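Q: Below: one structure in structure tokens.
The values are calculated or read from the model by the stated rules, or taken from the named source; none is laboratory data. Remember, predicted model here, so these are calculated numbers, not experimental data. Neighbour counts run over all protein chains shown; Cβ positions are idealised from the backbone, glycine included. These accessible areas exclude ligands, DNA and RNA; they are computed on the full protein's heavy atoms, side chains included. Shrake-Rupley method; radii C 1.70, N 1.55, O 1.52, S 1.80 Å.
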Amino acid sequence: MERKTRSRSIPALLFLLAMLTLCLALPALAAGGEGEAGSPFYNTVWAFLPPVVAIALALITKEAYSSLFIGILIGALLHCSFAPVDTLDTVIGDGLVTAIGDNAGIFLFLVILGAIVALVNAAGGSAAFGRWAERNIRTRVGAMLATFVLGILIFIDDYFNCLTVGSVMRPVTDSHRISRAKLAYLIDATAAPVCMIAPVSSWAAAVSGVAAELDTGVSGIQLFVQAIPFNFYSLLTFVFIIGMAVMGLDYGPMRRHEKLAREAGELGAQENQEGEASNPKGRVMDLVLPVAVLIAFCVVGMIYVGGFWGANRWTADSYAGDFIGAFGNTDAFVGLPWGAIIALILTIGYVVCRRLMSFKEAMACIPKGFIAMVPPITILTLAVSLKTMTGFLGADVFVEGVMKGASQGLYSLLPAVIFVVACLLAFASGTSWGTFGILIPIVTAIFPAGSTLLTVGISACLAGAVCGDHCSPISDTTIMASAGAQCDHVAHVSTQLPYAITVAGVSFVSFLIAGFVPNVFIALPAGVALMIATLLVIKARVKAQGD
């Protein structure tokens with residue numbers, strides 16, 4: 001009865017929210033002023049209303065699709081000044097259709113990866129790996145640390161990290177009754193944070209590209225490397241994961257998920273992934289070899305698209321023989337599908353030659369892989385559309401004005417301020433790349449070229465972008481982590497939020513210290529010590545509260 005009442009209250013809640021938005025917007029409409037983009041809401045705090053509404057609804061209703069769509073609709077209404085036809089055209093043409101077109105490459109990669117996972121599962125490779133893990137990884141702590149280490153090792157790209165780590169480690173964590181929500185957190189926490197401190201990654205290339213034309217006193221890649229020791233959020237996330245695993249600590253909503261997994265075996269897996277038949281003749285190699293081939297050819301695909309073997313149809317530049325240059329010039333949305341489709345063909349040939357399944361059975365796995373990836377593809381489409389609406393409303397212009405105003409009187413506090421602003425912008429927009437693309441030019445204009453404070457400021461910008469991206473339900477990396485763990489997306493967001501906020505709080509204090517004492521040998525150890533102390537305090541409070 002309670003569930004029926006709650007489900008009936010959701011439409012009423014959504015209707016009231018829409019009416020509240022309209023009523024609040026009427027004064028701005030009556031004023032008749034128009035911003036640069038032709039809307040009275042452009043370059044105002046109203047630009048953040050669509051993502052805030054979408055995120056709040058997702059957490060309240062536990063349903064992502066309608067929440068994201070309502071956020072898109074509100075953004076289009078504000079952008080079009082509530083003109084019905086223009087709003088619908090914006091939602092469909094500029095939002096959904098454009099999102100599908102711009103992200104077709106990553107959608108193709110998701111489908112191909114889903115097909116490879118279905119093939120490996122049906123061939124018995126995943127089950128065999130799970131049996132091996134039961135014999136060799138004997139504790140929950142070992143399973144979590146193994147997931148963490150694998151996430152560290154796959155630092156090339158965050159999408160690739162999320163889906164590969166999830167595919168490989170699901171049998172291991174399932175065998176130790178680790179919830180899918182915890183697996184999703186481990187994947188998410190070792191995706192963007194790892195890529196943001198790896199000099200050879202798609203993220204390093206993006207940061208270097210943004211900083212390349214700015215007056216920083218060093219090259220873009222040098223600035224990125226110098227910023228790594230001050231990237232407190234990424235580094236302290238690793239300390240948090242290790243401490244949490246070793247201490248056996250869980251709190252917030254994650255505690256309930258882990259208790260259900262341990263005591264009742266309820267892992268929280270998606271329904272359409274359960275009960276699949278697998279070949280009992282499968283071996284560990286039947287999982288390891290396809291994954292190794294996938295990694296190898298995706299790397300080859302990315303450097304090929306980047307021009308490692310000379311100019312190609314995707315790039316006019318040639319970086320012949322230059323691995324770093326080619327990687328910085330690549331387009332992951334083309335390079336990843338390029339390598340994945342070769343890996344898929346080789347995997348089909350391998351399982352058929354091994355007589356683990358017939359060719360017809362192998363072909364049947366392709367639509368299964370597509371079906372498994374429909375939820376993340378749908379959420380990603382909606383999330384990208386929501387980011388588009390936020391961009392139409394000039395959120396980036398508004399943040400730039402706030403930052404320039406703050407720089408006049410908060411010089412030593414600016415690293416901490418930059419971190420918070422980057423967190424909020426990435427959380428609301430769901431994009432870390434867009435966040436540091438906006439903020440890096442502002443940071444370089446505030447601090448003197450070549451100064452240590454410039455390095456700290458850039459680190460704060462990058463750390464805040466990762467933190468906000470990590471927390472945001474509409475972030476593509478968060479969506480990929482849910483897909484990799486085959487976990488309900490809203491469950492993943494709600495369980496990891498307290499963990500990410502904990503690390504963000506310690507990172508904020510660390511940036512306060514670094515602003516006044518810009519010495520990594522003082523600020524970083526202080527941050528690590530504070531992180532460990534925070535974990536000990538939380539553990540004591542959880543123990544005092546009991547179950």
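Q: Accessible area per residue for region 49-187 in Å², computed with a 1.4 Å probe and the full protein assembly in place, what is it?
A: On the way: 4630 Å² over 139 residues.
Value for region 49-187: 33 Å² per residue.
Q: In whole Hz, what ³J(HN,Hα) sequence does region 333-342 give by Karplus (6.51, -1.76, 1.60; θ = phi - 60°), x for Gly and Pro?
A: Along region 333-342, the couplings run 5, 9, x, 5, x, 4, x, 5, 5, 5 Hz.
Q: Could you compute Rg(Cα) / (2.2 N^0.38 Å) for region 470-547, with N its residue count? Don't jump to the answer; show the numbers that get you there.
A: On the way: Rg = 15.9 Å, N = 78, 2.2 N^0.38 = 11.5 Å.
Rounded to two decimals, the normalised Rg is 1.38.
Q: Sticking with this structure for a sec: Sorted by mean Cβ packing within 10 Å, highest first, what order do the peptides 468-475, 130-137, 381-388 take? It would help to have the intermediate numbers written out before the result.
A: Numbers: 468-475: 28.1, 130-137: 15.4, 381-388: 24.9.
My ranking of the peptides, most packed first, is 468-475, 381-388, 130-137.
Q: Can you tell me which of 116-127, 431-442 comes out highest on packing, and rank the rest after it, using the mean Cβ neighbours within 10 Å? List each step's numbers first, then the result.
A: On the way: 116-127: 25.9, 431-442: 22.7.
So the order, starting with the most tightly packed, is 116-127, 431-442.
Q: Arrange the peptides 284-294, 40-50, 485-495 so that the one whose residues have, on average, the most other Cβ atoms within 10 Å appears first. Can you show the working numbers first?
A: Working: 284-294: 19.5, 40-50: 21.4, 485-495: 24.5.
Ranking, from highest mean packing down: 485-495, 40-50, 284-294.
Q: Take the solvent-accessible surface of the protein heavy atoms, probe 1.4 Å, and return the percent of it on region 400-547 that carbon and sulfur atoms account for.
A: Details: 3490 of 5000 Å².
Exposed carbon and sulfur together represent 70 percent of the surface.
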